[in-house]
Amino acid sequence: MRKSDYTILVADDDPDYLFQTISNLSRAGYKTVAAESQAEAEAVITRFRPSLAIFDLMMENDDSGFILCYKIKRKYPDVPVILATAVAHETGISFSLDSEAEKSWIRADIYLEKGIRAEQLDQEIMKLLKI
Amino acid sequence: MAVLKVLVVDDEPGIRSGVTRILKSFQVNYPFMDEDYSYEVLEAATGEEGIAITEREKPDIILLDNKLPGMQGIEVLEYIRNRNSDTVVAMITSYASLDVAVKAHKFGATDFIPKPFTPQELKSSIENITKQQYLKRITHKMNEEGRKIRYQFLSVLSHELKAPLNAVEGYLRMMQEKQSGDLIEDYAIPVERSLQRIQGMRNLIMDLLDFTKIRLERKDEKIEEVHLSSIASNAIVTVQPYAIQMEVSVLQIIKSDAVLMADPTDLEIIFNNLVSNSVKYNKPGGKAEIIIDEDEKDVIVSFTDTGIGIKEADRENLFSEFVRIKNEKTRNITGSGLGLSIVKKVVELYNGTITVDSVPDIGTTFTVRLPKKVKITS
């Protein structure tokens, strides 16, 4: 399959970050769906199965990203999920998702610090999609 | 009902059973306490036994005889102090020499109960100690909560500061990599958005400065007679350029030329924030009004707009730090989420109140009431 056969759902309440991520993914060749809130992302998930999802952690709730991870994995267990946040250092939330224990409660496949380069993000996506 | 553990260390069985009997039915309550205190008495005949019970039971109060068969009371006291616990120790002794008193004080004994004592003497000592214990606990609890709130504040703050940096950085990279073309005109949106995010960050920093200002200790000498109408005029002049840009007309209605004893800077913070909100969340062609009035007790200032309004569900957290109402209508409005929390803190400094009335799509009114008899609370 080519990259254009994959649709990536991106949920972020920062309109600029959302715009930039969508634009980077389109340039890399993916199809994209944007959601500006947890509620919007939930609505997308109910009617459509994305190939991969990228969720911001803090949206209208502090744990919006976790909730979305949980919901998407329950509906589509095999859709890879990336959890993105800018707050890891400050909140003391640190998770690597390396251990089984962490994977059991954070239902994301990988966790990325916000602000990573477009190429890096593309690398991670290709790994998850096994392209 | 809270129970404090009292350990009495005395080699005389009569003293021990006396203390137990007196405190069994004794209760302490002060108007500022949220519950009554009663006592459970533990007994030890020697210093060694007293230490063993202290280790096991962690008593709140120890009544300690100095003259004991083996280890002396002062040594027990020294041991307890080195344990660094919150236990309060009162010495009970019939040989209250100056030497013992000085030593006992040095090792942190808080009270002396001379032997023999009447039930009333014991009770009033216990009452005092209980008050001290209560205040210690409350202070401890408040420090804990303060730490938690500061921590949460800082973590949200750094998120709020990093988000615009990430956004601007992302746009600069798009330009560096010439993602949309070779001409500067190809990047009109990224440039505009970057400028907006930087403006948002500047507002946040200005608000933070206000925030630290009101958190500093208040000084009474800045308090002066202030005409609210002049504060209102200044606030309107300040907001005017923004109002013209937003096509909102701002005016003041003086129903009563109210005067207040206040620090003018505090009133400016209240007026500037609320007027600028009335403009910011308005519609083109809309109106914003400052209405100044008073009754016998308060001055009453209302800030009314014809703007987008606030849904009832969103009003609950409106005055909390970093809370911003996110919806379709507010998505292009930048703000720090600190303005209203600052206003509320200043209003409360003057023992005033702030309330909000709003109808979505019709408009919002914030009403500030400030008592004329001002007692500044820090």
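The values are calculated or read from the model by the stated rules, or taken from the named source; none is laboratory data. Because the structure is predicted, anything quoted here is derived from the model rather than measured. With ideal geometry, Cβ positions are generated from the backbone for all residues, glycine too; neighbour counts draw on all protein chains shown.
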Tell me, yes or no, whether the range B:310-328 has at least one residue that is hydrophobic (A, V, I, L, M, F, W, C), free of Cβ contacts under 8 Å to residues at least 24 places away in the same chain and part of a loop (DSSP other than H, G, I, E, B).
yes
Within the range A:1-23, restricting to residues that are in a helix (DSSP H, G or I), of a type outside the set (Phe, Trp, Tyr) and touching an Asp or Glu at 6+ places or on another chain (Cβ under 8 Å), the one that is surrounded by the most Cβ atoms within 10 Å (Cβ to Cβ) is A:THR21
Just one of (1) under 25 Å from B:SER341 (Cα atoms); (2) polar (S, T, N, Q); (3) modelled with pLDDT of 80 or more trips up B:SER194, so point out which.
(1)
Name the single residue that is nearest to the chain's Cα centre (by Cα) among those in the range B:53-71 being more than 14 Å from B:ILE15 (Cβ to Cβ) and crowded, with 16+ Cβ neighbours inside 10 Å.
B:ASP60
Does A:THR32 count as free of Cβ contacts under 8 Å to residues at least 40 places away in the same chain and within 16 Å of A:GLU124 (Cβ to Cβ)?
yes
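Got at least one residue in the range B:229-248 being in a loop (DSSP other than H, G, I, E, B) and in the same structural domain as B:ASN351 (by TED's automatic domain parsing)?
Yes, because at least one residue in the range B:229-248 is in a loop (DSSP other than H, G, I, E, B) and in the same structural domain as B:ASN351 (by TED's automatic domain parsing).
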Pair list, Cβ under 7 Å, 6 or more apart: the range B:357-373 residue in the same structural domain as B:VAL343 (by TED's automatic domain parsing) and closer than 19 Å to B:SER276 by Cβ, other residue outside any strand (DSSP E or B) and hydrophobic (A, V, I, L, M, F, W, C):
B:SER358/B:ILE310; B:THR364/B:ILE310; B:PHE366/B:LEU274; B:VAL368/B:ILE270; B:VAL368/B:VAL347
Taking the residues in the range A:116-129 that are over 20 Å from A:CYS69 (Cβ atoms) and loosely packed, with under 15 Cβ neighbours inside 10 Å as candidates, determine which candidate is farthest from the other protein chains (Cβ to nearest Cβ).
A:MET126
Just give me the residues in the range B:336-356 being within 17 Å of B:LYS280 (Cα to Cα) and either within 14 Å of chain A (Cβ to nearest Cβ) or among the acidic types (Asp, Glu) (or both), in sequence order.
B:GLY337
Check B:PRO59 against each of (1) out of contact with any Lys or Arg (no Cβ under 6 Å at 6 or more places or on another chain); (2) within 21 Å of B:THR93 (Cβ to Cβ); (3) without any contact (Cβ under 8 Å) to a residue 60 or more places away in the chain and name the one condition it does not meet.
(1)
Specify the residue that is farthest from the chain's Cα centre (by Cα); the eligible residues are those in the range B:178-203 that are within 19 Å of A:LYS114 (Cα to Cα) and within 12 Å of chain A (Cβ to nearest Cβ).
B:PRO190
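So which of B:LEU154, B:LEU172 ends up being exposed (fewer than 13 other Cβ atoms within 10 Å of the Cβ) and of a type in the set (A, V, I, L, M)?
Answer to the check: B:LEU154.
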Filtering the range A:57-79 down to residues that are closer than 25 Å to A:ASP5 by Cβ and surrounded by 22 or more Cβ atoms within 10 Å (Cβ to Cβ) yields A:LEU68, A:CYS69, A:ILE72
Filtering the range B:289-320 for residues that are under 18 Å from B:SER278 (Cα atoms) and either outside the structural domain of B:GLN252 (by TED's automatic domain parsing) or of a type in the set (Asp, Glu) (or both) leaves a count of 4
Scanning the range B:259-271 residue by residue, the ones that are surrounded by 20 or more Cβ atoms within 10 Å (Cβ to Cβ) and not in a helix (DSSP H, G or I) total 3
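Yes/no per residue for (1) modelled with pLDDT under 85; (2) part of a loop (DSSP other than H, G, I, E, B); (3) touching a Leu at 6+ places or on another chain (Cβ under 6 Å):
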site	(1), (2), (3)
B:THR130	no, no, no
B:GLN133	yes, no, no
B:ILE138	yes, no, no
B:HIS159	yes, no, no
B:ALA167	no, no, no
B:TYR171	no, no, no
B:LYS178	no, yes, no
Pick out the one residue from B:GLU294, B:GLU312, B:GLU289 that is touching a Phe, Trp or Tyr at 6+ places or on another chain (Cβ under 9 Å), among the charged types (D, E, K, R) and either modelled with pLDDT of 90 or more or within 27 Å of B:ASP361 (Cβ to Cβ) (or both).
B:GLU289
Scope the range A:1-18; condition in contact with a Phe, Trp or Tyr (Cβ under 9 Å, 6 or more places away or on another chain) and within 14 Å of chain B (Cβ to nearest Cβ); matching residues
A:VAL10, A:ALA11, A:ASP12, A:ASP16
List every residue pair whose Cβ atoms sit under 6 Å apart, with the two residues 6 or more apart in sequence or on different chains, where the first one lies in the range A:105-126 and is over 16 Å from A:ILE22 (Cα atoms) and at pLDDT 85 or above and the second, anywhere, is of a type in the set (Asp, Glu) and in a helix (DSSP H, G or I).
none
